[in-house]
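What follows is calculated from the coordinates using simple rules that are stated; it is not laboratory data. In this text, all values refer to a predicted model and were calculated from it rather than measured experimentally. Quick reminder, even Gly has a Cβ in these numbers, built from the backbone with ideal geometry, and neighbours come from all protein chains shown.
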Ligand code: PLP
Ligand code: COI
């Protein structure tokens, strides 16, 4: 357990910050990850000074030597979380300590120093407070926060950097998928895998996403929105769906999701849905599920719904599945009732429109 609790932040005003009218204009239909706020939070690390030089400062380009380690060997990790507007006007984060904890786990795997959880959450809270006016209010929208850390030492030897930059940027977001609420189509990749045991599948590092892009391009060539990744050894067991976890809903009302075996990112949405569904009286299994069983169950009517989940995509229904050996529709190809019920319960809780019996929603005062 890391016991470090406080770091002081220097505030630097942004003279180019947008005015209310300019901001309102940018907040119209922001999409995902294209519109950014005026400020960023940064903390530096060096062996002598440790974590130091914490700032809330104008969002600007980073200046990096061309030999900077992250540019060559991808020593980088990130997180994804959202700030929501509560009905009483306050902003709130959802389980921010879980992101802070996962960030430390990712750091350990990438041989980076572990940012104390209190520094991570403090940087995020201060940035959200600074950018309060950027939190959109339309249903389904939020202020997406992207904490990340890069290796900043300029050296070409393959080794862990001695110096790092932790940074948080923010962007107002609507829906991650255009039309995703109607059900996405997914491609079962038999060419590419995402992760193997002992690799970095359970860390949130940029390299995982770079390695997934060719698989995503293959899915697009087959007119699919996303990739279903199977396990690396048997090419049988369903692991993840693009940058999301995956759930299956059965005729008897139960739901199932692949277990965390080291190759799957331990999603905070996944963990929350397991608890939420259990509380709703739904039987939840964390058990392996094969691609052939999925096809068989979909065709026999035993499997009735499937959805992907993550912070960015929230809960996205899966409509149909294609692959070189597979082709089937989930239910009638439209979002099912369990998927919609869980999405409604989770999102309403996150934006304070439904009570939070778990203590997951943390208002920022
Ligand atoms: N799986 C991968 C590979 C992801 O990138 C994400 C997104 O962060 C998730 C699952 C879902 O995780 P979370 O629910 O914590 O956002
Ligand atoms: C998230 O759900 O927050 C993600 O990180 C997914 C993706 C945008 C990388």
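Taking every Cα-Cα distance in the chain and sorting them into 20 Å bins starting at zero, the pair-distance distribution P(r) comes out as 28, 58, 14, 0 percent.
Taking the longest Cα principal axis of the chain as reference, the axis of helix 206-221 is set at about 40 degrees.
A simple spin-label model places the labels of residue 252 and residue 365 4.8 nm from each other, with each point 7 Å out along Cα-to-Cβ. By how many degrees, between 0 and 90 and to the nearest 10, does the Cα long axis of helix 117-130 differ from the longest principal axis of the chain? On a 0 to 90 degree scale, this one is about 80. Computed from the C-beta positions of residue 162 and residue 214 and an R0 of 41 Å, the FRET efficiency is 0.80 to the nearest 0.05.
Each 5 Å bin from 0 upward holds the following percent of the Cα-Cα pairs of region 184-350: 2, 9, 19, 23, 22, 15, 8, 2, 0. Estimated at 0.36 nm per residue, the fully extended path between residue 356 and residue 327 surpasses their Cα-Cα distance by 6.5 nm.
Determine the calculated [θ] at 222 nm for the chain from helices alone, applying -39500 (n - 2.57) to every DSSP H run no shorter than 4 residues and normalising by the residue count; nearest 500 deg cm²/dmol.
It lands at -7500 deg cm²/dmol.
Summary of the geometry: region 338-362 and region 230-259, compared by the centres of their Cα atoms, lie 23 Å apart.
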